[in-house]
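The values are calculated or read from the model by the stated rules, or taken from the named source; none is laboratory data. Keep in mind that this is a model prediction, so the values were computed, not measured. Virtual Cβ from ideal backbone geometry, glycine too; neighbours counted across all protein chains shown. SASA here: full protein model, heavy atoms, side chains in, ligands and nucleic acids out. Shrake-Rupley method; radii C 1.70, N 1.55, O 1.52, S 1.80 Å.
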Amino acid sequence: MPFAWLPGDDRQYDLVVTLDDATSAIYSGFIVAEEGTASSFRALAEVIDKYGLFCELYTDRGSHYFHTPKAGEPVSKSVQTQVGRALAQLGIRHIAAYSPEARGRSERAFRTLQDRLPKELALAGITTVAAANRWLAETYWPAHNAAFAVASAEAGSAFVADRTGRVRDILCIQEERRVGNDNTVKWRGLSLQIPPSPLRAHFVRATVRVHEYPDGHLAIFHGPHRLADYDPQGKPRNDAKLAA
């Protein structure tokens, strides 16, 4: 939930934390103006990049995590959010929490962080989000885990290395579009021109998939084939390697 994390700054920010339910070790944590789809993708990417793929993710029922047809009722099992779709593609089971008590370890961790973190940030002389996030990654989380993480009941790790190289193309916004008569795809006010392809003469009226990555860059796919890459302004990226 929003909290005034930064000393001297009354604005409230969200702290996005990913922790191990078995050990309380924090694998990723950063401050953002407001949590949502982009911060969820960032957290997942940080954990997978450093540790590997895991089996299950337990979250609250925020709208970026789950679609809830009617307030107060169970989440939909058929309609996925972008985060839900990405987790399914990664083979990670997504579990919805239905009460604060069900997230006991997480709730206790946040109470500890709300008590300690603003004081530690003040002692370190940190007053901006960017500086805070660097300090959290480099200094605070290692010290926090050394002090509060506990040994797991069983030895070994359940993480599995990502050997597919597909994570970046999964942890992004994905939406289908119909190609126009001018062989372009419309995307959030942009007109993305599909370049010549060895696959076919044109893609007019074909259904393609647009990927919008966390850094704003775009790509168009036709099935498994990557047709083109674009910068955030919709200009083709000449340095991109297209897959036939």
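Looking at the range 56-209 alone, DSSP beta bridges between its own residues are antiparallel in about 65 percent of cases.
In the chain, helical runs assigned H by DSSP with n ≥ 4 each contribute -39500 (n - 2.57); averaged across all residues and rounded to the nearest 500, the mean residue ellipticity at 222 nm is -7500 deg cm²/dmol.
Restricting to Cα pairs below 8 Å that are 6+ residues apart, what does the relative contact order work out to for the chain? Please round to a whole percent.
Numbers: 372 pairs, mean separation 42.5, N = 244.
That works out to 17 percent.
By the gyration tensor of its Cα atoms, with a ≥ b ≥ c the square roots of the eigenvalues, what is the shape of the range 115-244: rounded for a/c under 1.5, prolate for a/b over b/c, or oblate? Prolate. Looking at the range 122-194, the trypsin sites (Lys or Arg not before Pro) that sit in a DSSP loop and have at most 13 other Cβ atoms within 10 Å of their own Cβ are 163, 166, 188. When +1 charges are put on Lys and Arg Cβ atoms and -1 charges on Asp and Glu Cβ atoms, the dipole computed for the chain relative to its Cα centre reaches about 900 debye. Peptide packing: for 144-150, 83-89, the average count of neighbouring Cβ atoms within 10 Å per residue gives the ranking 83-89, 144-150, highest mean first.
Segment residue 107..residue 68, full-extension length gain: 11.8 nm, with 0.36 nm per residue of separation and the alpha-carbon distance subtracted.
Once Lys and Arg get +1 and Asp and Glu get -1 on their Cβ, which of 79, 45, 62 lies farthest toward the positive end of the dipole of the range 44-93? Towards the positive end, the residue furthest out is 79. Of all beta bridges that DSSP places with both ends in the range 1-138, some 65 percent have antiparallel geometry.
Leaving out ligands and nucleic acids, note down the accessible area per residue over the range 55-178 with a 1.4 angstrom probe, in whole Å². Don't skip to the answer; put the middle values down first.
Numbers: 7740 Å² over 124 residues.
Per residue, the range 55-178 has 62 Å² of solvent-accessible surface.
Computed from phi, the 3J(HN,Hα) profile of the range 44-50 under the Karplus parametrisation 6.51, -1.76, 1.60 (θ = phi - 60°) reads 4, 4, 4, 5, 5, 4, 8 Hz, with x in place of Gly and Pro.
The alpha carbons of the range 1-130 stretch over 47, 34, 25 Å along the principal axes, in descending order. Extending 7 Å from Cα along the Cβ direction at residue 22 and again at residue 152 yields two label points whose distance is 0.3 nm. Only lysines eight or more places from residue 235 in sequence, or on another chain, were considered; those with a Cα closer than 25 Å are 186. Compared with the rule-of-thumb size 2.2 N^0.38 Å for a compact globular protein, the chain has a Cα radius of gyration ratio of 1.17.
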